[in-house]
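**Q** After the structure tokens below, expect a handful of questions from me.
The values are calculated or read from the model by the stated rules, or taken from the named source; none is laboratory data. Please read all numbers here as calculations on a predicted model, not as lab measurements. Cβ placement follows ideal geometry from the backbone for every residue including glycine, while neighbour counts extend to all protein chains displayed. Ligands, DNA and RNA are excluded from the accessible area calculation, which covers all protein heavy atoms including side chains. Shrake-Rupley method; radii C 1.70, N 1.55, O 1.52, S 1.80 Å.
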Amino acid sequence: MAARLRERYDATISKEIREQFQHPNVMEVPKLEKIVVNIGVGDAQQEPQTLEAAMAELGTITGQKGSIRKARKSIAGFKVREGAKIACMVTLRGRRMYEFMDRLFNVAIPRIRDFRGVSANSFDAFGNYTLGLREQTIFPELNIDSVARVRGMNITFVIKNSRTVEESRELLRKFGMPFRN
């Protein structure tokens, strides 16, 4: 059984975007390739158990085991040494990606206090969108009492075949991304 958003993409969204941006070929229509969820854990050097807790929370939120990221170079101002474990991340593709996106748009983001929509300007030059969240407790999968420390996360939507930022923005809008007006 396919995810709900994947079925909607196949049935209507791809056709609407193809007509709107006049793509002569179906293969030129922008498509969501992957979602990357990243949690920075800068204080993991002093307290290694914080990285393990962040990994467990990330696994609970995404339904997939995360991988640990290490610092590429030393930065004295942040007290970071090269090779130190400083973050964890997950790359979601396929069914898990669509299910995570569905839960993010319809359950988690509406739980943000005083929410007025996400910025429509967080696109890079390739049409990928990055969303920053201040706390992981907006996800209902997490038990708020078991969260030791509130952490932020970055969620990047990698979009394939996007010629312009407008195409990427329209694709995410049709999926249900609550952009600010």
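**Q** Scan region 13-40 residue by residue and report those that are in a helix (DSSP H, G or I), surrounded by fewer than 18 Cβ atoms within 10 Å (Cβ to Cβ) and either in contact (Cβ under 8 Å) with a residue 24 or more places away in the chain or of a type in the set (Lys, Arg) (or both).
**A** 15, 16, 18, 20, 27, 28
**Q** Run down 159, 144 and say which single residue is over 30 Å from residue 22 (Cβ atoms) and either in contact with a Lys or Arg (Cβ under 9 Å, 6 or more places away or on another chain) or open to solvent by 70 Å² or more (accessible area, probe 1.4 Å) (or both).
**A** 144
**Q** Here's another thing I want to ask about it. So, in region 1-11, exactly how many residues are over 19 Å from residue 106 (Cα atoms) and at pLDDT 90 or above?
**A** Total meeting the criteria: 2.
**Q** Filter region 162-181 down to residues that are open to solvent by 40 Å² or more (accessible area, probe 1.4 Å) and in contact with a Ser or Thr (Cβ under 9 Å, 6 or more places away or on another chain), then give me how many there are.
**A** Residues in region 162-181 being open to solvent by 40 Å² or more (accessible area, probe 1.4 Å) and in contact with a Ser or Thr (Cβ under 9 Å, 6 or more places away or on another chain): 2 in total.
**Q** Consider only pairs whose beta carbons are under 9 Å apart and that are at least six residues apart or on different chains; among these, list those whose first residue lies in region 111-140 and is hydroxyl-bearing (Ser, Thr, Tyr) and whose second residue is open to solvent by 70 Å² or more (accessible area, probe 1.4 Å) and in a loop (DSSP other than H, G, I, E, B).
**A** 119/180; 137/150
**Q** Among the residues of region 84-121 satisfying the criterion of being of a type in the set (Ser, Thr, Tyr) and surrounded by 15 or more Cβ atoms within 10 Å (Cβ to Cβ), which is nearest to residue 42 (Cα to Cα)?
**A** If we take residues in region 84-121 being of a type in the set (Ser, Thr, Tyr) and surrounded by 15 or more Cβ atoms within 10 Å (Cβ to Cβ), then 91 is nearest to residue 42 (Cα to Cα).
**Q** Let me ask something additional. Looking at 141, 99, 166, which one is within 15 Å of the chain's Cα centre (by Cα) and not in a strand (DSSP E or B)?
**A** Of 141, 99, 166, the one residue that is within 15 Å of the chain's Cα centre (by Cα) and not in a strand (DSSP E or B) is 99.
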